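Below you'll find the structure I mean.
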Amino acid sequence: MTEGLLSPDNALLAEHIGERRVCAFVSPTVNRLYGERLRGYFRTRLPASSWTLSVIPAGEQNKSLVTVEQVCASAKEAALDRNGVMVAIGGGVTTDVVGFAASIYARGVRYIRLNTTLVGQVDAGVGVKTGVNALGSKNMFGAYHAPHASINDAAFLDTLPRRDVLCGLAEIIKMAVIRDDGLFRSLEQHPGIFHRDARPRRANVEEHVIRTSIRLMLEELCPNLRELNLARPVDFGHTFSPAIETASGYRVAHGEAVAIDMAVSSHLARLLGICDAEECERIVDLIVDLGLPIFDETCTPELMQHALRASWERRGRRLNIVVPTRVGSIRFIDDLDDLPGSAIEETLKALQARVRSVGGRFPVSAWSSR
Ligand SMILES: NC(=O)c1ccc[n+]([C@@H]2O[C@H](COP(=O)([O-])OP(=O)(O)OC[C@H]3O[C@@H](n4cnc5c(N)ncnc54)[C@H](O)[C@@H]3O)[C@@H](O)[C@H]2O)c1
């Protein structure tokens, strides 16, 4: 983590680039907001004609092989050699696409992630996974390709739309539920966290939450970087969510789908007697209080069953659903047989009823009335 990353006085990025040729890639929004400063930084810190900056399409629909080929084509045109480095500046889509392109371009070149979203800073920017959507599935193609560096500057979050902030908060709630009641309590105490207009702005709490989340994520990923063990606590919220995202045509964003999945998984744990009602309510309440969804119309029992089947296949013919036993601790549900269809139906009904009880609207700004 650094401050003033794009200030010409900050040597961090230039030091990681060293003498290498650079092909940098941004999404259109990040180009609009930060393109000039990026170009200014490169102009000041790097030799002329050693770098290019290209704009690539954003959005889940463009997280595709077509965009990967576009990245590789730009790199080839700029004569990026095997010593060169790609730099991805943006959210998880941009870093996943450029990371995957870097893993296959000339059989693999270095890449640096500058994570400009909260999801990027606490999640996509932390591990070694890259990839694109294909064949109707999320992240169908990809590679484990460690970044040469992954750099965060919290100032990027000042321009991030609230919806994207909330998606990052979903991943932070995930880490809190699986590992850390203290982190969970920080979120409970500061439901306006990362809100641009929140006063007083608690930069120290925000930094603590980002750093804690990254540390917990690193501790979870390091022993299992290439996911040889398919029972992963960090998959909490990631059993039903890929199907929800895909079935909604990506109307439901990744973090929103994760939030719904966490509410479903917690409720299932409650119904199966794994988690007591109070702890389940705490989790669902926090998701709602921060302004995230707990249900979507795509969530039919059929879609949930389809999602379970897909997870079971993806996780080596074991279900490995992560459910909380309480905040800060989880266990796995291993077999499809351990999860009766009636529990799923009952869960969906309960969450739908909860949404109806607030008029079908999520209290996005609940925190501000406190
Ligand atoms: N590789 C991994 O381990 C991993 C982990 C988690 C998520 N992901 C992937 O990450 C993706 C989601 O990432 P995301 O939530 O960052 O979404 P995103 O990359 O789609 O970015 C969201 C939007 O915010 C814009 N944006 C980025 N930075 C901004 C800023 N500072 N100010 C204003 N706008 C900005 C982007 O241009 C984009 O339009 C998903 O595809 C998911 O699968 C990957």
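How much of the DSSP bridge set in the chain is antiparallel, in percent, rounded to the nearest 5?
If we restrict to bridges inside the chain, about 35 percent are antiparallel.
Distances over 24 Å make up what percent of all Cα-Cα pairs in the stretch 1-134? Write out the running numbers ahead of the final one.
Details: 1812 of 8911 pairs.
That tail contains 20 percent of the Cα-Cα pairs.
Could you work out how much longer the chain between GLU345 and GLU297 gets when fully extended? Use 0.36 nm per residue separation minus the Cα distance between them, nm to one decimal. Let's see the in-between values first.
On the way: separation 48, 0.36 × 48 = 17.28 nm, distance 1.34 nm.
Gain in length upon complete extension: 15.9 nm.
Kirkwood Rh, the chain, all Cα pairs: how many Å?
Its Kirkwood hydrodynamic radius stands at 21.1 Å.
If you don't mind, another one. Want the number for VAL205 to GLU278: 0.36 nm per residue separation, take away the alpha-carbon distance, what's left? Display every interim value, and only then the final one.
Details: separation 73, 0.36 × 73 = 26.28 nm, distance 2.59 nm.
Separation in residues times 0.36 nm, less the Cα-Cα distance, equals 23.7 nm.
Take the chain, mark every one of the GluC sites (Glu not before Pro) that falls in a DSSP loop and has at most 13 other Cβ within 10 Å, then report the longest stretch left between them, sites excluded. Please list the in-between numbers first.
On the way: sites that count: GLU3, GLU19, GLU297.
In short, 20-296.
Do you know the Lys pair count in the chain for C-alpha distances under 24 Å, with sequence separation 8 or more or different chains?
The number of close lysine pairs in the chain is 9.
How much accessible area does ARG317 have with a 1.4 Å probe, in Å² rounded to the nearest 10?
The accessible area comes out at roughly 140 Å².
How large is ³J(HN,Hα) for each residue in the stretch 45-53, as worked out from phi by the Karplus curve 6.51 cos²θ - 1.76 cosθ + 1.60 (θ = phi - 60°), to whole Hz, x for Gly and Pro?
9, 10, x, 4, 6, 9, 9, 9, 10
If you don't mind, another one. Output ³J(HN,Hα) for the stretch 294-308: one whole-Hz value per residue in order, computed from phi by the Karplus curve 6.51 cos²θ - 1.76 cosθ + 1.60 with θ = phi - 60°, and x for Gly and Pro.
Listing the rounded values in order: 10, 7, 9, 5, 5, 7, 8, x, 5, 5, 5, 5, 4, 5, 4 Hz.
So if R0 is 45 Å, what FRET efficiency would GLN352 and GLU19 give, r being the distance between their Cβ atoms, rounded to the nearest 0.05? Intermediate results must be reported in sequence, preceding the final value.
Details: r = 58 Å, r/R0 = 1.29.
For GLN352 and GLU19, the calculated efficiency is 0.20.
Using 0.36 nm per residue, how much length does the chain from ARG309 to ALA11 gain when fully extended, once their Cα-Cα distance is taken away? Don't jump to the answer; show the numbers that get you there.
Numbers: separation 298, 0.36 × 298 = 107.28 nm, distance 4.85 nm.
The ARG309-ALA11 span can extend by a further 102.4 nm.
Based on the Cβ-Cβ distance from VAL55 to ASN224, what FRET efficiency comes out when R0 is 35 Å, to the nearest 0.05?
0.50
A follow-up question, please. Quick query: amide H of ALA143 versus all other amide H atoms, modeled in the peptide plane; which residues come in under 5 Å with a sequence gap of 5 or more or a different chain?
THR130, GLY131
Size of the dipole of the stretch 159-293 about the Cα centre, Lys and Arg at +1 and Asp and Glu at -1 on the beta carbon, nothing else charged, in debye to 20? Spell out each step's value before the answer.
Values: 16 positive and 21 negative charges, 92 e Å.
For the stretch 159-293, the charge dipole is close to 440 debye.
Apply the Karplus parameterisation 6.51 cos²θ - 1.76 cosθ + 1.60, with θ equal to phi minus 60°, to every residue of the stretch 140-150 and state each ³J(HN,Hα) to the nearest whole Hz, in sequence, with x for glycine and proline.
Using θ = phi - 60°, the values come out as 5, 10, x, 8, 7, 9, 5, x, 5, 7, 9 Hz.
Would you mind pulling out the separation of the Cα centroids of the stretch 114-166 and the stretch 197-245, in Å?
Taking the Cα centre of each part, the stretch 114-166 and the stretch 197-245 sit 11 Å apart.
With +1 on each Lys and Arg Cβ and -1 on each Asp and Glu Cβ, and nothing else charged, work out how big the dipole of the stretch 69-212 is about its Cα centre, in Debye to the nearest 20. Can you show the working numbers first?
Working: 17 positive and 15 negative charges, 20 e Å.
The calculated dipole for the stretch 69-212 is roughly 100 debye.
To continue, here is another question. Just how far, in whole angstrom, is the stretch 276-296 from the stretch 24-52 if you go by their alpha carbon centroids?
If you average the Cα positions of each part, the centres end up 41 Å apart.
The values are calculated or read from the model by the stated rules, or taken from the named source; none is laboratory data. These numbers come from a predicted model, not from an experiment. With ideal geometry, Cβ positions are generated from the backbone for all residues, glycine too; neighbour counts draw on all protein chains shown. These area figures cover heavy atoms from the full protein model, side chains too; ligands, DNA and RNA do not enter into them. Shrake-Rupley method; radii C 1.70, N 1.55, O 1.52, S 1.80 Å.
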